[in-house]
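Accompanying notes for the structure given below.
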Amino acid sequence: MVVKKYGNRRLYDTEASRYVTLEEVEARVRRGDDVEVVDAKTGRDLTQATLAQIILESRGAARLLPVPLLRQLIRMGDDALAEFFERTVIWALDIYLLAKKGARVFPIGPLGALPFLNAMLGGGQNAPWSQPREPEPEEQIPPPDPNERDEQAEELAALRRELEELKRIVGKKRREP
């Protein structure tokens, strides 16, 4: 599906020859269709921005981001912002996979200890994330066996290699005319 986006933010489905809503584009993506969004005037690829917009607007993800964090992200330069997201996504994926496998995760982010994050988000010592919380007895998770740890490490290494390959491919595509 190729969608042209006009200056007035309207989306035009070139296959169906009709204007569509962001919700209709989202539905097509959910069905498994590949959607490409291009600027109607310049031909510039707007797919990534449009998909991010769908996630933030129609799925309500924007409400999960605190206003102080959003302000700080806007103030960051492009390189710092890119590094922040790259490091954060890798960290979040690592934590997710470890938690999924049953490992105990600690509240330390990719940018170091949480006091830094507290300051950035405007929290203080009483912020919910400022002190590690001891799990309730029913939340206690037994440590994984050594074989499972090896599998986790291999899985994380494979995901990191895949991410690096994707970054290399995207970098090449950006340099192509």
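Go through the stretch 77-89 and give me each residue that's surrounded by 14 or more Cβ atoms within 10 Å (Cβ to Cβ) and modelled with pLDDT of 80 or more.
Passing the criteria: only Glu83.
Only one of these conditions is not met by Ala153: (1) closer than 28 Å to Leu56 by Cα; (2) modelled with pLDDT of 75 or more. Which number is it?
The single condition Ala153 does not satisfy is (1).
Scan the stretch 34-51 and report the pairs whose first residue is in contact (Cβ under 8 Å) with a residue 12 or more places away in the chain and closer than 19 Å to Asn8 by Cβ and whose second residue is polar (S, T, N, Q) and surrounded by 11 or more Cβ atoms within 10 Å (Cβ to Cβ), with Cβ atoms within less than 6 Å and a gap of 6+ or a chain change.
Val37/Thr47; Val37/Thr50
Of all residues in the stretch 65-105, which are small (Gly, Ala, Ser) and assigned to a helix (DSSP H, G or I)?
Ala80, Ala82, Ala92, Ala99
Looking only at the stretch 6-27, filter to residues that are modelled with pLDDT of 90 or more and among the small types (Gly, Ala, Ser); which one of those is nearest to Ile54 (Cα to Cα)?
Ala27
If you check every pair at least six apart or on different chains, which have Cβ atoms under 7 Å apart with a residue in the stretch 59-78 that is within 30 Å of Glu24 (Cβ to Cβ) first and a residue that is of a type outside the set (Ser, Thr, Tyr) and modelled with pLDDT of 80 or more second?
From residues that are within 30 Å of Glu24 (Cβ to Cβ), the pairs are Ala61/Ile55; Ala62/Leu56.
Suppose we keep only residues that are among the small types (Gly, Ala, Ser) and either modelled with pLDDT of 95 or more or open to solvent by 40 Å² or more (accessible area, probe 1.4 Å) (or both) within the stretch 28-57. Which one would you say is nearest to Phe85 (Cα to Cα)?
Ala52
Could you please tell me which pairs satisfy a Cβ distance under 7 Å, a separation of 6+ or placement on different chains, a first residue in the stretch 80-98 that is over 15 Å from Leu166 (Cα atoms), and a second residue that is open to solvent by 50 Å² or more (accessible area, probe 1.4 Å) and among the charged types (D, E, K, R)?
From the stretch 80-98, the pairs are Leu97/Glu155.
Just the residues that are more than 24 Å from Glu15 (Cβ to Cβ), among the small types (Gly, Ala, Ser) and surrounded by 11 or more Cβ atoms within 10 Å (Cβ to Cβ), please, taken from the stretch 58-76.
Ala61, Ala62
The values are calculated or read from the model by the stated rules, or taken from the named source; none is laboratory data. Not measured: the values here are computed from a predicted model. Here Cβ is always computed from backbone atoms with ideal geometry, including for glycine, and neighbour counts include all displayed protein chains. Remember, those area values only see protein heavy atoms, side chains included, never the ligands or the DNA or RNA. Shrake-Rupley method; radii C 1.70, N 1.55, O 1.52, S 1.80 Å.
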